[in-house]
Amino acid sequence: MEIPYTVEARDDTGLTNPKLGIWLFLASELMLFGAMFSAYILLRTGASSWPAQSEEVSVLIGTANTMVLIASSVTMVMAWASLRMNNFENFRVYLTSTVFLALIFLIVKIFWEYIPKIHHAHIPSTNIYFALYYTMTGLHGLHVLGGVLVNAYFLFRGKKMWKNEPDRFTNRIEIAGLYWHFVDLVWIFLFPTLYLL
């Protein structure tokens with residue numbers, strides 16, 4: 001039995017089923033990260049003293065990683081737009097770029113941030129700042145890894161899907177793109193909160 005409304009908008013919601021599903025999922029993710037930001041604000045405003053994190057984190061590395069994620073959002077949009085223009089080869093180039101940029105983000109995070117901090121004994125039990133830093137950036141990193149896996153799946157399996165059901169495949173990439181933009185948006189709030197304030 002074929003599931004309806006996978007490529008056409010439903011009459012009652014005005015959205016396709018996958019798009020409605022991803023918006024509901026992203027709403028739950030918003031609540032998750034919102035709770036973490038709320039915890040950060042409450043703990044920081046309620047603390048009599050706060051660790052000077054600006055001496056322990058690299059704003060330069062954080063800025064570079066922000067630029068990498070923003071660039072990956074652009075390539076994600078270009079991948080989707082390429083499918084809309086029936087150009088599968090350009091889609092593969094742009095989606096490969098998205099996966100590559102996401103891997104750069106994770107490599108920088110692990111090897112230029114986490115490992116040096118752990119080497120200098122800045123671990124979650126050091127103080128409340130590092131407990132929040134590792135929790136929030138670690139959870140975000142897991143979301144980036146999830147996006148890498150999904151995009152890599154579409155990259156390797158996409159040709160067959162594109163040949164059989166191009167509209168459905170284009171919708172899947174749009175859904176993956178919405179998730180990816182959400183991950184980038186979370187980082188845009190994480191960066192100033194943890195690195196600049």
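Given the condition assigned to a helix (DSSP H, G or I), of a type in the set (Val, Ile, Thr), without any contact (Cβ under 8 Å) to a residue 40 or more places away in the chain and surrounded by 10 or more Cβ atoms within 10 Å (Cβ to Cβ), answer yes or no: does some residue in segment 13-23 qualify? There is no residue in segment 13-23 that is assigned to a helix (DSSP H, G or I), of a type in the set (Val, Ile, Thr), without any contact (Cβ under 8 Å) to a residue 40 or more places away in the chain and surrounded by 10 or more Cβ atoms within 10 Å (Cβ to Cβ).
Scanning segment 83-98 for residues that are open to solvent by less than 30 Å² (accessible area, probe 1.4 Å) and either out of contact with any helix residue (DSSP H, G or I) (no Cβ under 7 Å at 6 or more places or on another chain) or farther than 12 Å from residue 177 by Cβ (or both) turns up just one, 88. Residue 112 fulfils the conditions (1) open to solvent by 20 Å² or more (accessible area, probe 1.4 Å); (2) outside any helix (DSSP H, G or I) except for a single criterion, (2). Restricted to segment 119-132, and to residues there that are surrounded by 14 or more Cβ atoms within 10 Å (Cβ to Cβ) and either β-branched (Val, Ile, Thr) or modelled with pLDDT of 95 or more (or both), the residue that is farthest from residue 169 (Cα to Cα) is 126.
Residues in segment 33-63 that are assigned to a loop (DSSP other than H, G, I, E, B), surrounded by 15 or more Cβ atoms within 10 Å (Cβ to Cβ) and either in contact with a Pro (Cβ under 6 Å, 6 or more places away or on another chain) or of a type outside the set (Val, Ile, Thr) (or both): 51, 56, 58. Each residue in segment 156-177 was checked for being open to solvent by less than 40 Å² (accessible area, probe 1.4 Å) and under 15 Å from residue 72 (Cα atoms), and 3 of them qualify.
The values are calculated or read from the model by the stated rules, or taken from the named source; none is laboratory data. Just so you know, these numbers come straight off a predicted model, no measurement behind them. Note: ideal-geometry Cβ built from the backbone for every residue, glycine included; neighbour counts use all protein chains shown. The accessibility values were calculated without ligands, DNA or RNA, using every heavy atom of the protein model including side chains. Shrake-Rupley method; radii C 1.70, N 1.55, O 1.52, S 1.80 Å.
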